[in-house]
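Bear in mind that the values in this text are calculations on the coordinates, not laboratory data. Just so it is clear, the structure is predicted and the values come from calculations on it, not from any experiment. Here the Cβ positions follow ideal geometry from the backbone for every residue, glycine too, while neighbour counts run over all protein chains shown.
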Amino acid sequence: MDRMACVELPAFPLQLLLKRHPDWAGRPVAVVDRDKPQGVILWVNEQARAARIRTGMRYSAGLSLAHTLHGGEVPPADVERGVAAIAGRLHRFSPDVEPCRDEPGVFRLNASGLSYLQASLPRWAEEIVASLRACGLRAVVAVGFTRFGTCAVARTLTPGEPVVVIRDPASERELAERVRLSRLGIDPALRDSLHELGVRTVGAFLELPSEGIRRRFGPEAQRLHRFAAGDSWAPLQPLRVTEPLVVRHDLDDPETDAVRLLFHLKRLLDRLLATVAARHQALAELTLHLRLDRACAHTERIRPAAPTLDIVQLMNLVRLRLESLALGAGVTEVRVGGRAVPATAVQQGLFAERPCRDRAAAERALARVRAEFGDEAVVRALLSEAHLPEARFAWEPVGTVPPPEPREVACRPMVRRIHVHPLPLTLGPRPEPGRRLAHGGGRNCEAGYVRDLAGPYLVSGGWWRSAVHREYYFVRMQDGDLLWIYYDRPRRRWRWQGQVE
């Protein structure tokens, strides 16, 4: 008979919250859907349950029962990352691991056919608990025969006895019928309604008629009843395990020549692309890991313009990156990894539009620039909220070239170019017309005469750091340049902020 194991990390989001706040250990703690007094409690620990705090309550109601109650949010993204990490660890113990979609922290494992690998099922289950305990997580394991039975029995286990192996299906059903409904994590409204009827255990719940449960409590309650009775059966749906895209090669002697190193990388990249092509995917990112002789390892990431299987294009990017590196020692090991995405088939139209500017060529050009100078070499300005002009933009990496969006304008807009660091000015107390003004500083210093000006425009504040009081002027020079300057009142000096074109 097939064996199934239920690995449960009780109140998994709560365990993640306690790992984030280890000083809350031993106190009543709850996970809420939002960090507000009216937030709904989703998970509670044993200390909170002993204070009669239940899921479904408001956080303010829980505080009225235990004034020392601690609460916090656990974002769904954190839970998903935690579930993926635990599933990867459980794959060491069984090839078939199915995370429960409705209850994070519950995993079902295929425990059949392990007698040739494990001494006994209890020992196997104890190793799972020990492996998760090494990660700072508490787990219980019930090995049985059915989905509901193993999950229900696992809810009765304690940290003192975290493992149980059920002998036969009859024993599993008997143990499952003793489990209290409050331990199953069912809908709080359904739990409270059944409690008022005196239905507190799984056995009492199974004695109710299925159709009557549907009429009174709805289809979800009937689905739970059929699941507990074993009437709705579903096979194990394990996660698909994909082997990582990594190939490696150990060099006999430390290699310092870039050309010879490039040939080694070519052979590894051929093998990697063959694997990617067999999966009907394309390579979106390439990772080069170079282990150096008596020095720290060096890792480089290369992104082509678009996911591709073109070895010529990828080797061109690898060559540019290698030529720009200055390794302090010879390479003793080369490891090439990749990130692949599903390949898409591009169907060429009968009359394809051919614009004057080729975006694909622009993408390839930017990819070569990134490969030679790094990802930080291709950026664009992004507007941001800030007090001072030089802080109102930031640089972000450019992934792809955006399509052009030309529009007709009646009047050509003016462009204000801002210096990241304002440059010094040589000027008297006020930029009056006819006064000489020297701007730029250093070898690029330029001098001219003021024709007219507009201002001052005051910018003040910064009391939370250092006082800022600037008097801005737009100054038109005799040669036609329109400068944007200011007088720094606290520091008593003129600065050149930028220029209007």
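Couplings for the range 197-204, taken from phi via the Karplus curve 6.51 cos²θ - 1.76 cosθ + 1.60 with θ = phi - 60°, read 8, x, 8, 10, 10, 5, x, 5 Hz in order; Gly and Pro are left as x. Indicate, rounded to the nearest 5 percent, the antiparallel portion of the DSSP beta bridges found entirely in the chain. Bridges in the chain that DSSP calls antiparallel: roughly 95 percent.
Note on the range 4-174: percent of Cα-Cα distances in each 10 Å bin, starting at 0 and stopping at the bin with the largest distance, equals 10, 36, 32, 17, 4, 0. With R₀ set to 22 Å, the beta-carbon distance separating Trp395 from Arg416 gives a calculated FRET efficiency near 0.80. Just to confirm my numbers, what's the Cα centroid distance between the range 485-501 and the range 157-176 in Å? Here the answer is 77 Å between Cα centres.
Ranked highest first by average number of other Cβ atoms within 10 Å, how do 188-200, 238-250 line up? If you can, show how the numbers build up before the last one.
On the way: 188-200: 13.8, 238-250: 11.9.
Order by mean packing, descending: 188-200, 238-250.
Computed packing ranks the peptides 158-169, 31-42 as 31-42, 158-169, most packed first, by mean other Cβ atoms within 10 Å. Comparing Cα centroids, the range 6-68 and the range 213-284 end up 35 angstrom apart.
Counting only chymotrypsin sites (Phe, Trp or Tyr not before Pro) that sit in a DSSP loop (anything but H, G, I, E, B) with at most 13 other Cβ atoms within 10 Å, what is the longest stretch of the chain containing none of them? No qualifying site falls inside 234-350, the longest such stretch. For the range 4-174, relative contact order (Cα pairs under 8 Å, six or more residues apart, normalised by length) works out to 27 percent. Structural descriptor for the range 196-268: relative contact order 19 percent, calculated from alpha carbon pairs under 8 angstrom and at least 6 residues apart. Our summary of shape: the Cα atoms of the chain have principal axis extents of 101, 65, 59 Å, ordered from largest down, in whole angstrom.
Pairs of Cα atoms nearer than 8 Å and 6+ residues apart set the relative contact order; for the chain it is 8 percent.
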